[in-house]
Amino acid sequence: MATTFFRRLARSAPIAFPVALGSQSKAGSGAFRFSAGAIAALSGGFSYYYLASGNNLVYLDQAKEEETGPKTALNPDKWLEFKLQDTARVSHNTQLFRFSFEPSAELGLHVASCLLTRAPLGYNAEGKTKYVIRPYTPISDPEAKGYFDLLIKVYPDGKMSQHFASLKPGDVLEVKGPVEKFKYSPNMKKHIGMIAGGSGITPMLQVIDAIVKNPEDNTQISLLYANVSPDDILLKQKLDVLQANHPNLKIFYTVDNPTKTWKGGVGYVSKDMALKGLPLPADDTLILVCGPPGMMEHISGGKAPDWSQGEVKGVLKELGYTEQMVFKF
């Protein structure tokens, strides 16, 4: 099943993908581990795949949409089961999960939205099932039919991420949504700056993909992406390909623990990095921020107790950005 999955990808990435396919070794539970070179090849294959194949990402023989428009797989009011098709290991603690649904349907996701996922977590005093619920942002094209991809960082004590890690191809995940986080529209701002940490790259990627695939969208994008080490940078190959092919996208990476050969930034996102890498405060500027709580506090301040945006604090406030210029995922 997994081999079929990778071979379908190879049709759209015939050069890079066989390298990864040839170096895979089975690691149980339907997951695959790759060497550093194979990971780069796999990421490159995915990158080419996402960039070149548009809406025909897996089901290359899709039926034409009916005049009423494509069917959608999501339901915002009901938990639905989606079958795990395959998994692939992307880094030492991050995996890609592909879930499938009816090939002629679209997921029904808007930019930038997330899904709610849930997993059973024992029973309460009344004998009813308890659930852990977590939001995740798909990294696949919202218009792709028949499947969606989630990039999950697996934490040792993460109740939901551990549930993901236990899934095998053929298992199902309960999903509800979409939940709109940030409503993007083409050319809504002249320049969008982004600060992401770790898996906080996922909503940024949704917005980046929407901008670069639309020839009528002239938005400039600047991304500051922070991680613990170079090995923790998720989807770097895809991001690098996007930057190389789209002059309106500029990316700066920074890590806490650099290697001897590392050529990017070192340390937390600083005021100096923000000054050099982000658009200046202006009415036609918007800064998007997504990352772990500590990073959010340092950069922009966290959300308010009621989960509204709250006031802008930290580095962005010091640089003169206002509440109207900042959005916190």
(request) List the residues whose amide H sits under 5 Å from the amide H of Tyr147, counting only those 5 or more places along or on another chain, with H placed 1.01 Å from N in the peptide plane. (result) Phe101
(message) List the residues, sorted by chain then number, that are 5 or more residues from Thr94 or on another chain and whose placed amide H is less than 5 Å from its amide H.
(response) Val154
(request) With r as the distance between the Cβ atoms of Ser270 and Asn75 and R0 = 35 Å, compute the FRET efficiency 1/(1 + (r/R0)^6) and round to 0.05. (result) 0.20
(message) Please report the net charge: other residues with Cβ closer than 15 Å to the Cβ of Leu223, K and R +1, D and E -1.
(response) +3
(message) Could you check the spin-label model distance between Gln162 and Asp231? Points 7 Å from the Cα along Cα→Cβ, value in nm.
(response) 2.3 nm
(request) Could you pull out the pairs from Lys78/Lys159; Lys159/Lys236; Lys71/Lys181 whose alpha carbons sit more than 25 Å apart here? (result) Lys159/Lys236
(request) Rank these residues by their accessible area, most exposed first, probe 1.4 Å: Ser113, Ser100. (result) Ser100, Ser113
(request) Tabulate in residue order the Karplus-calculated ³J(HN,Hα) for the stretch 215-229, using 6.51 cos²θ - 1.76 cosθ + 1.60 with θ = phi - 60°, rounded to whole Hz; enter x for Gly and Pro. (result) x, 8, 9, 9, 4, 8, 10, 10, 10, 9, 10, 10, 8, 5, 9
(request) Using Cα centres only, tell me the gap between the stretch 229-247 and the stretch 165-197 in whole Å. (result) 18 Å
(request) Could you work out the local net charge near Asp171, counting Lys and Arg as +1, Asp and Glu as -1, over the other residues with Cβ closer than 10 Å to its Cβ? (result) +1
(message) Given the whole protein assembly as supplied and a 1.4 Å probe, what does the accessible area of Met325 come to in Å², nearest 10?
(response) 20 Å²
(request) Report the net charge of residues surrounding Glu81, where surrounding means a beta-carbon distance below 13 angstrom and charges are Lys +1, Arg +1, Asp -1, Glu -1. (result) +1
(message) What distance in nm separates the two pseudo spin-label positions at Glu126 and Thr322, each 7 Å out from Cα along the beta-carbon direction?
(response) 4.8 nm
(message) Taking the full set of protein chains and a 1.4 angstrom probe, give the accessible area of Glu174 in square angstrom, rounded to the nearest 10.
(response) 40 Å²
(message) Rounded, prolate or oblate for the stretch 131-179? Axes are the square roots of the Cα gyration tensor eigenvalues, ordered a ≥ b ≥ c, and the cut-off for rounded is a/c under 1.5.
(response) prolate
(request) Check cross-link reach from Lys176 to the aspartates and glutamates: straight Cα distance under 14 Å, and skip same-chain residues fewer than eight apart. (result) Asp77, Glu81
(request) Please list Val315, Val111 in order of solvent-accessible area, largest first, computed with a 1.4 Å probe with all protein chains present. (result) Val111, Val315
(request) Beta carbons within 10 angstrom, averaged per residue: use that to sort the peptides 218-224, 264-270, highest first. (result) 218-224, 264-270
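The values are calculated or read from the model by the stated rules, or taken from the named source; none is laboratory data. These figures come from a predicted structure and were not determined experimentally. Note: ideal-geometry Cβ built from the backbone for every residue, glycine included; neighbour counts use all protein chains shown. The accessibility values were calculated without ligands, DNA or RNA, using every heavy atom of the protein model including side chains. Shrake-Rupley method; radii C 1.70, N 1.55, O 1.52, S 1.80 Å.
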